[in-house]
């Protein structure tokens, strides 16, 4: 017998048909452009099979931008629905689906891959390495993330979107109240992407520990590398909890177990507990790399070394510890009792201390510095006050008795958007403008960059500042419409105007990217911003092998000392004859493995166990094949290195 | 850990061209570890499914099996006894125990609210 939802496999509705048509047109467009310009082989050879950390980083960022667009459209749909009272632009069901996909996509498929992309691009260059520790695994990470994200997005047109919120709380997300395939998409999509993230965490940890250039002790690492190290540790310890929680809920939904059910001894609150044991470290996973980016940029654009380096390191380690002992603050209202709530309230407030240390260190780095107001620095400067506003309201939310009032109100929504946009997204934009020359060999246009910055900054505050107010006035999250006369209407209209402002602002960035690719001056120095760390010591974009000679490090801000130190000869890379460079081979297997996972998990979403089994068998076959592959690496010859270095004017 | 060819992708001092990559002999340690971890997993599952033992006994036995599983993983797969370079793994391992204890004890403490509600 076929499952009941088989009859309506393809979702109906006017917006879905528009989406169907757009998806088909876009796919046809991509296929025909690739065919017309005969680029299929190029795509396969240069990108789909690559194990180069820089290219994988760029693919992460591209995929994250696509997801940013999707998540942003969801946000605009929500704001359109809430612009006026008693609106019927979306139905309640449709609204539920939209806020679920908005949250899930923005956190797991936008913020995380954007940061993992930037880590991939910059971190190995900053430590003077030629790739990450496990380049092949890095490709597997990317493709499992990519196909996980695609599987999740497929729910929009085939089967129906999940609709139980990004937190997917049971019993609402359980099989009894939510029989359709939407929640299965959530479980399998996240589990697949989570696999890749976990592998990334291990990969980055080993890279930072084992692959640093000679002389780069831990306390000489750039701050972004430190934040990568701490983030990797958080990923390694937090993501297994998510994997377990998702798998247990999958058992409940697919195989009829009663782990989180209301009956037969199930514990629904255990899902909430497990979800936030992962969920709280997760918010530090998406903010710590942004802190790292900020530390790099503020140092560079103030022309000073980072103030209080050891305190910065210590505060990040403290944050890592504390992030594992605060998770109950997401569900104080569960009613676990005064002792539990007090403990977790106090531990949450403690996090403000190391975070405050970081803020003051950034301010003191700028103090008496010669500040250059380039676009990356603008984003970094906006980050600080925005993040402080978000952080202070976070401390308010940590007061357990008061949280009974704030809980699930728009006050909370405003708080976490200040953290995730004002923190993570501003940090990501800063990092993109900063490392753009390293990725593509030219700066983005400053004028368009300033337009992007100011319109986004203003619209962002216009959207989310009123949310604090409507939250205090009693508007709760996830309500799909509201009656007039509550005093919310004008503020909601302002928020909607702000949201569309952010949408328009992003087109400035898009125009900037296109313009810069066509017209911007190419950076031939490799050191576009007068940088301090090693990534600026090689060409832009860096060659496949990153450094012809592995640099030797004698100090923090290694590249700065090579350029400006009194006895700079001591710091500079000694000219030696080139030696062949050992590099990993490209492989198509990670892509195929991701695709096999996709087929398998698509089968499991609809409980077609045959499809699921065949897909998994393919995954295992590919793993087996890898175990017997001995031809995994090659040497770049001295002639080729000489040629590459000569072309970029460095021989 | 340097038996996998992925690892030494980069330092030019790592391996000279033409030098054969050292492959270990047959990985008995991994095979034994793999079989043991499967046996321990299915033993736990069997105990729960068969419901031959009283509840407390089942819980105690699966906790014991879990600790054995942990030891198998640490000693047979995670090279706990091998060392070169700094003692990073000790720090990481301590953090792992910190997280494990926090998660288990914390969850147990938080979920005690059920008895007070009931």
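Assorted remarks:
- Selection from segment A:582-597 of residues that are assigned to a helix (DSSP H, G or I) and within 14 Å of chain B (Cβ to nearest Cβ): A:589, A:590
- Screening residue B:84 with (1) loosely packed, with under 11 Cβ neighbours inside 10 Å; (2) within 12 Å of chain A (Cβ to nearest Cβ); (3) modelled with pLDDT under 60; (4) closer than 25 Å to residue A:202 by Cα gives one miss only, at (3).
- Matching entry among A:262, A:219, A:267 (being under 30 Å from residue A:378 (Cα atoms) and surrounded by fewer than 19 Cβ atoms within 10 Å (Cβ to Cβ)): A:219
- Qualifying position, being more than 22 Å from the chain's Cα centre (by Cα) and away from chain B (no Cβ under 11 Å), among A:249, A:242, A:218: A:249
- Unique residue being touching a helix residue (DSSP H, G or I) at 6+ places or on another chain (Cβ under 8 Å), more than 14 Å from every other protein chain (Cβ to nearest Cβ), in a helix (DSSP H, G or I) and within 29 Å of residue A:48 (Cβ to Cβ) when the list is A:536, A:515: A:515
- Unique match (being part of a helix (DSSP H, G or I) and modelled with pLDDT of 95 or more) among A:433, A:404: A:433
- Scanning segment A:79-94 for residues that are buried (at least 17 other Cβ atoms within 10 Å of the Cβ) and either under 20 Å from residue A:490 (Cβ atoms) or modelled with pLDDT of 95 or more (or both) turns up A:79, A:81, A:82, A:83.
- Top-ranked residue of segment A:200-211 - restricted to ones that are farther than 13 Å from residue A:113 by Cα and surrounded by 21 or more Cβ atoms within 10 Å (Cβ to Cβ), ranked as nearest to the other protein chains (Cβ to nearest Cβ): A:211
- The condition of being without any contact (Cβ under 8 Å) to a residue 60 or more places away in the chain and either out of contact with any strand residue (DSSP E or B) (no Cβ under 7 Å at 6 or more places or on another chain) or not in a helix (DSSP H, G or I) (or both) holds for only one of A:554, A:635, that being A:635.
- Residue A:474 falls short on exactly one of the conditions (1) at pLDDT 95 or above; (2) touching a strand residue (DSSP E or B) at 6+ places or on another chain (Cβ under 8 Å); (3) surrounded by fewer than 16 Cβ atoms within 10 Å (Cβ to Cβ), and that condition is (1).
- Residues of segment A:557-581 that are under 25 Å from residue A:365 (Cβ atoms), assigned to a loop (DSSP other than H, G, I, E, B) and touching a helix residue (DSSP H, G or I) at 6+ places or on another chain (Cβ under 8 Å): A:557, A:565.
The values are calculated or read from the model by the stated rules, or taken from the named source; none is laboratory data. Everything numeric here is computed off the predicted structure, so don't read it as measured data. Glycine also receives a Cβ, built like all others from the backbone with ideal geometry; neighbour counts cover every protein chain displayed.
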